[in-house]
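Laboratory data are not the source of any read-out in this text; all were calculated from the coordinates shown. Bear in mind the structure is a predicted one, so any value in this text is a computation, not a measurement. Note that we place each Cβ from the backbone using ideal geometry, even for glycine, and neighbour counts take in every protein chain shown.
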There are 2 protein chains.
Amino acid sequence: MSIEAVEFFYLSMPRVEDIGDGSQDALVVRVSADGVEGWGECEASPLVSIAAFVTPMSHGACKPVRDVVLGKPIDSAADIAAIQAAVEMECMDLLQAAHTFSGIEMALWDLLGRKRNAPVYELLGYTRAFPKLPYASQLFGDTPQETLAGCRRARDSGYRAVKCGWGPFGRGTLEQDRDHLQAAREGIGADGTLLVDAGQIFREDVDAAARRIRYLEEVGTVWFEEPFLGGAYGAYAALAAKSGKVRLAGGEASHNFHMAQQLIDYGKVGFIQIDCGRIGGIGPAKRAADYAAAHGVTYVNHTFTSHLALCASLQPFAGLESHRICEYPFAPKSVAWEMSETHLSPDGNGMVNLPQAPGLGITMSASGMRKYMVPVEIAAHGKVLYRSPTL
Amino acid sequence: MSIEAVEFFYLSMPRVEDIGDGSQDALVVRVSADGVEGWGECEASPLVSIAAFVTPMSHGACKPVRDVVLGKPIDSAADIAAIQAAVEMECMDLLQAAHTFSGIEMALWDLLGRKRNAPVYELLGYTRAFPKLPYASQLFGDTPQETLAGCRRARDSGYRAVKCGWGPFGRGTLEQDRDHLQAAREGIGADGTLLVDAGQIFREDVDAAARRIRYLEEVGTVWFEEPFLGGAYGAYAALAAKSGKVRLAGGEASHNFHMAQQLIDYGKVGFIQIDCGRIGGIGPAKRAADYAAAHGVTYVNHTFTSHLALCASLQPFAGLESHRICEYPFAPKSVAWEMSETHLSPDGNGMVNLPQAPGLGITMSASGMRKYMVPVEIAAHGKVLYRSPTL
């Protein structure tokens, strides 16, 4: 079969707030081939990723993603890899192409799994999907009291792992950060897994980040995420040498396999966090998981949107039993929840399990999506290049 | 003064061909503040870079570039750096933002130079701009005879340095590549500077690239450019260890300073090639030039479009006398030529000199641009987010 159609559904909350909550909009992709459908999701900035699909060609190595994808054969995992490699070469100078293709690639795996009646993790070579321990991802509160309350709420909801990030962290004094960290620990309890996300706040300032290590260690922080700009591997490595029991985490911005590899090789992270909606899809993410496992680094998904994205992002490390923690959209906005009928709720042990269903195993909700659709139109030279499909 | 307006002019040849010629379209940017104008150019895929300027916010770290730039103060080089840093943080998850901002950043330098009545290279701290030896950049011919003819033509036009790239190179047999290389050397003459660009054809295959080294050495190739995927630093380093007198070159895809730094540190290139229309503009490029100079690596501009882009791309290493080679759009399409009145033609010694004029020193041509304008309209929820301005 060959790829007959790729359609984008841009969904958004009516009002997007200026906060670090990635679940406020979504770009859902539907791919069709020979009567089978597959679904995926691009992360982030839906309008720009749509534009990368339809933009006029600039030159031979700067084509719209559409030109490289439509009509291609899709009968095997090797076909998906071939399309991915073609996008890398033919969209070489189109920066956004990696994000656009990521959602398409997910949808291709979903489609192939449905066609073959097999879950995606089996197509990736895993014989089973191990349960993952979800962490509730939330922002630091404006005050330590708010941080405490947020962490208590997560614990009371059954989460044994919590990540606090962004907000005031790194923006005030060292003592304020210490107070937030102690509040977080108090909120999740002595036996909870605590993760901290600095949101790149220290840019390249190793000393400023290093001054927080003592307090991170005091409260038993498992990982310290994105202290620096994504590409500042030198800063990462310098901090890793000083971070004691606290291991560094990063990699969510990787838009190809090599960026993940580099953060492992040169940045010396202990956890590599991959967003399947950015790295080029499930295939490059699986390669990153294999590389991490071979180099003593733990793979973790980065997912701050829907359960479709969550399900796709769990596939690459589904079969790696010891890579146990997963990011879980703890309190997503309604758009991210209502767009699918299937959700991956924690089981009685508080663990997340992948669906034992073909493809990604997610049933989308047409009515849920319709509520949040943002119709888009892009025209050049008076000719419509893109108009949102109806659903 | 503060940034009052940012306007985009999408220019294109009526027909864009599926060849490796980057001069077939252009995205020109005009920034206005306090009655002064500055001009810059984004590289590449104009429609997508425009979309990144106007796209609705996805979340706090995924804003449209517009929201971070408009209204900001612009009175000093430090102001430009502050805006660049803000774009990095507030457009963190918007991949295309780096390309969009690159053209804006160039325009800000141009504007500041015009306001201060100083060339941009002086604002960067250089006391003078040294002449650069331009190389004529062209595609390998379909046959060695065509490669020979193309190189002869370049030599006969006065070029003492020629780069051949893409086309059949690396796609056929080793002997075919050898024949093309020998033809290129014959065409440019014994004393010409020969550069070779593989256009990432070997992806990550070090052995395939290494088999060409002998023939590259035989014809006295100065650099071997982009043998691999941009992020395959391990492959770069492995080949660098085997490449003898031929030094590796790469870096054109760098969309921030760190990617350039990494290719130097980990990829072991001898030449770092920076496109100011991608790396975030002149400021990050200057930082890359400083880093290269401090690490024994030669900085070179990457420019395959207009003389506006060329002029911007020469500023970051204008004052580095020993970094002597520059990429020069040898035979650009008419759109890239006609959009400006000023051109940087080689002098009597065949060298390229920067204008001794305020800012970038380029006078744009309204009539030249009008001939190639692609009107664009982007709408969401029935509301027009962007409509091309007239000129």
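Here are some notes:
- Within segment A:281-344, GluC sites (Glu not before Pro) in DSSP loop having at most 16 other beta-carbon neighbours inside 10 Å: A:GLU321, A:GLU341
- B:LYS245 versus B:ASP142: modelled label distance in nm, points set 7 Å from Cα along the beta carbon direction: 3.5
- Extension gain, B:ALA85 back to B:SER322 (0.36 nm per residue minus Cα-Cα distance, nm): 82.3 nm
- When you filter the trypsin sites (Lys or Arg not before Pro) in segment B:1-110 for DSSP loop state and at most 10 other Cβ atoms inside 10 Å of their Cβ, you are left with B:ARG15.
- Between segment B:350-391 and segment A:233-312, the alpha-carbon center distance in angstrom: 39
- Between segment B:30-58 and segment A:161-196, the Cα center-to-center distance that results, in Å: 39
- Hits among lysines - C-alpha to C-alpha of A:LYS245 under 21 Å, sequence gap 8 or more where chains match: A:LYS163, A:LYS268
- Taking amide hydrogens as placed 1.01 Å from N in the peptide plane, the amide H of B:GLU225 sits under 5 Å from those of B:VAL196, B:ASP197, B:ALA198, B:ALA249, each at least 5 positions away in sequence or on another chain.
- Highest-fluctuation residue, B:VAL196, B:VAL87, B:VAL219 considered, GNM on chain B with Cα pairs under 10 Å: B:VAL219
- Teacher prompt: B:TRP337 distances to equivalent labels in other copies, 7 Å Cα→Cβ, nm: 6.2
- Using alpha-carbon coordinates, inclination of helix A:282-294 to the longest axis of chain A, degrees: 40
- Note on chain A: with charges restricted to the Cβ of Lys and Arg (+1) and Asp and Glu (-1), its dipole about the Cα centre is near 340 debye.
- With the convex hull drawn over the C-alpha atoms of segment B:1-91, the volume per residue is 115 Å³.
- Label-to-label distance, nm, for residues given as B:SER334 and A:ARG214 (7 Å Cα→Cβ offset): 7.1
- Residue pairs, from the table B:LYS132/B:LYS371; A:LYS383/B:LYS371; A:LYS72/A:LYS286; B:LYS132/B:LYS286, whose Cα atoms sit over 25 Å apart: B:LYS132/B:LYS371
- Taking every residue in A:96-105 and counting other chain Cβ atoms within 10 Å of its Cβ, the average works out to 2.
- Computed from the C-beta positions of A:LYS371 and B:ARG153, the FRET efficiency with R₀ = 45 Å rounds to 0.15.
- Remark on chain B: ratio of C-alpha radius of gyration to 2.2 N^0.38 Å is 0.96.
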